[in-house]
Each structure stands twice: as structure tokens, then as C-alpha cells.
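To keep things clear, I will list the structure first and then write my remarks on it.
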Amino acid sequence: MDHPSPSPAGSPPRVPSRRGFLGMFGSLGTLGAIGATTFVPEGRPLAQTLAAKGSRIDFHHHFFSPAWVRLVERQHLQQPVLGFDQFKTWTVEKDLEAMDRGGVEKAFLSVTQPGVWFGNVAETRAAARELNEFAARMKADHPGRYGHFAVLPLPDVEGSLREIAHAFDVLKADGVGLLSSYDDKWLGDPSFAPVWAELNRRKAVVYVHATAPNCCAWNFQPGILPTFVELGSDLARAMVSLIHGGTAKATPDVHYIWSHGGGSIWAQRFLVGETAESLARVAPPDSRLHHLRRFYYDTAAAADAVHMGILKMIVPTSQIVFGSDFPWVEPARIVEGLEKSGLSASELQAIYRDNAKAVLR
């Protein structure tokens, strides 16, 4: 098939011809055309080769302290919380076993929705601190296996500034993990400006996980889970708020990682007017496309030919990093999907490990 070639970091992706773009997807009725496995020269699937080395870096990997589970359980008794059964059954032992099955050398821990904000400032600060110290203990107990994206007690700005200092200076966190919105405030909300200024000063890695806003968290569309539409849409809202409101411009030293391949941002009207020719050029400084190309995107819920094809049309392969969404999805399943997505061996190696070096520099 005619695939777009990988591009150097910071340069635009090489946009395929119309024939090449359609070729990436093959016949819609022929799953085999979409799912051809990439092999290394000796004939072993690349997943097996890399898994043997334990070489993958997982940027989308969740953890749950017992205290946090109890906090969420109190909310769950009042209103259903998405994924609650997984919170209760997760253990560090199961986590490490899944990492080993998927050839994951190191996983960066982050909290998932519903996060720690339930309307009480003191409770939120205590929950964020407890989770961060729990993750720090996991790192200490299993050297080299875990990194940590610290939880912040947003929308509490003062508490978040204190937690940033504690997380980085005392616990030696590797970055922060945020949700796409907090109490109907998206990440570019002006009230969050002091937090972003401090994160930019520290040249922080900021991992953003999707959530659902208050309007649409549960049963907004009867019978359809928020994961299908609402979480991806909220990621798009968060991106638009950061770029449109000027936060992205004001934080050039922040390394943003977006979960789920960027969610539905590519289906929005944010890039209306782009052409094959404009996508092939370097984006003008501070344009929407410039910021979208400086962001990183993980592969959770995006490890297939459709999502990878769309991402590669717009951003360089250097901006895609491995993410699993464990415990909901095994790292090995993401590997299997990526190998059937049409990526080359060198692109897979970059996504599995090499691109992590730029994120963490």
C-alpha cells in the first residue's frame, strides 16, 4: 500500500495522494486488507520482538489507591460512576503482569475520571495528596517500572499550586495528569492561568485524560455510554479552549500529551479550510495547526487504521506515543491493533519507545 512517510519532528507529515489515502484503508468490506501484520526481517511479528525486550513506554496507564476508591464509592452510591468495577479490582500485581504481557518496560501512572473534585476543597486537596504519595510509593517499590503524572486538585488553583510544588520538589513526579474539564471549566479557562504559568516555568509534561462535562456524564443518550461520544468531544473542547484562549501560546515549554488520539478534535471545524497542500507545509507560527502539531497524542482507543491514518495526515509520527488505558485495555491489545494499522516497523518503534525521549527531555 501507499503510506505517508514519517516526517522529522517539527515538520509537517507527508500527505498521501487521494489514491494512497484510500489505500491505507483498503476495501471496507475486507478486514484482511486493513489488518495486515507488520513483520520484522526474521519473520517474527514486531510485537513479539519488542515485547521480548520490554521496550514499550506506556503514557496512558491508570492506578487507584484504596482511599480514592472509597471516596469514589461514596459518589457512586448517589450516581453511577463510569468504570467503578475496574477501580475495585485493580491491584499492583495485576498491573505489572499486564505490563509484562504487553512488553511494557515503564508505565506513567495517572488518575482517570471522575478525578478528585466533588465540590469540597479540603477533601479534594487531601485526595490529590494521597494519590500522589501512593503513586510515589509504587515508583519506589518497583524501580524503573513506573513514572507518575501527579494529580492536581483543580479547579482549586491555590491548592493546585501547592500540589505542583510538593509533587515535583518532594515526590519527584514526572509531570501532571489533568482531566479535560473541571466543573464545566475547560483547561483554557482564564482562572487556571496561574497553574499554567507554573507548569510552563517548570517545562512540565502535562497529560490530559478525557472526562464528560456535567451535562453529559451519564445517560445523556439513553443506552449509550459517555465513552463513545462525550469523552472524545470533551477532549476537543479542552484543546479548543487552550488554543483559542491563548493558553497554548503562553505555554510553549509545556509538553502536552492528549489521550485517545486527540478524541474528536479531527471531526470538528477547527481545521476547516486546510488542503493537501497546506498540510504538506510547515504550519505558520501560533496557528491552530502549529499547536496541534506540537502536541503529542496517545494510542489508547486509537490503535487502528482509521485513527492512525487520520493522525498521520495531520501530525508527524513523532507526535504519537504509546498508551494503553489499562486496566480497561491490555497493552498487548493496543500492540495488536497498531500492528494491523498499516504503520511501518520504524514508525512502530518510534511510537513504542523512541518518541518518549522527546516528550520527557
Scan of the range 108-133 for residues that are in contact with a Pro (Cβ under 8 Å, 6 or more places away or on another chain) and aliphatic (A, V, I, L, M), ordered by number = 116, 121, 127, 128
Hey, any hits in the range 314-334 for a residue that's touching a Pro at 6+ places or on another chain (Cβ under 8 Å), of a type outside the set (Ser, Thr, Tyr), surrounded by 24 or more Cβ atoms within 10 Å (Cβ to Cβ) and not in a loop (DSSP other than H, G, I, E, B)?
-> no
Which members of the range 184-203 meet the condition of being in contact with a Gly (Cβ under 8 Å, 6 or more places away or on another chain) and under 20 Å from residue 124 (Cβ atoms)?
-> 189
Identity of the residue in the range 263-272, aliphatic (A, V, I, L, M) and modelled with pLDDT of 85 or more, that ends up most open to solvent (accessible area, probe 1.4 Å) | 272
Can you name the residue in the range 80-119 that is modelled with pLDDT of 95 or more and among the polar types (S, T, N, Q) and, of all such residues, is surrounded by the fewest Cβ atoms within 10 Å (Cβ to Cβ)?
-> 91
Checking residue 146 against (1) open to solvent by 10 Å² or more (accessible area, probe 1.4 Å); (2) closer than 22 Å to residue 359 by Cβ, the condition it does not meet | (1)
Exactly one of (1) open to solvent by less than 10 Å² (accessible area, probe 1.4 Å); (2) within 21 Å of residue 254 (Cβ to Cβ) is unmet by residue 285. Its number?
-> (1)
When you look at residue 294, is it within 19 Å of the chain's Cα centre (by Cα), open to solvent by 10 Å² or more (accessible area, probe 1.4 Å), at pLDDT 95 or above and charged (D, E, K, R), yes or no?
-> yes
Does the range 303-314 include one or more residues that are under 26 Å from residue 349 (Cβ atoms) and among the acidic types (Asp, Glu)?
-> yes
Wholly within the range 165-262, helices (runs of 4 or more DSSP H) carrying at least 1 residues that are surrounded by fewer than 16 Cβ atoms within 10 Å (Cβ to Cβ) and either modelled with pLDDT of 95 or more or among the aromatic types (Phe, Trp, Tyr) (or both) = 193-201, 247-250
Test each condition in (1) among the hydrophobic types (A, V, I, L, M, F, W, C); (2) out of contact with any Leu (no Cβ under 9 Å at 6 or more places or on another chain); (3) open to solvent by less than 30 Å² (accessible area, probe 1.4 Å) for residue 127 and report the one that comes out false.
-> (2)
For the range 335-353, name all the residues that are surrounded by fewer than 21 Cβ atoms within 10 Å (Cβ to Cβ) and part of a loop (DSSP other than H, G, I, E, B).
-> 340, 344
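The values are calculated or read from the model by the stated rules, or taken from the named source; none is laboratory data. Please read these numbers as outputs of a predicted model, since none were measured by experiment. Note that we place each Cβ from the backbone using ideal geometry, even for glycine, and neighbour counts take in every protein chain shown. In case anyone asks, the SASA skips ligands and DNA or RNA and just uses the protein heavy atoms, side chains included. Shrake-Rupley method; radii C 1.70, N 1.55, O 1.52, S 1.80 Å.
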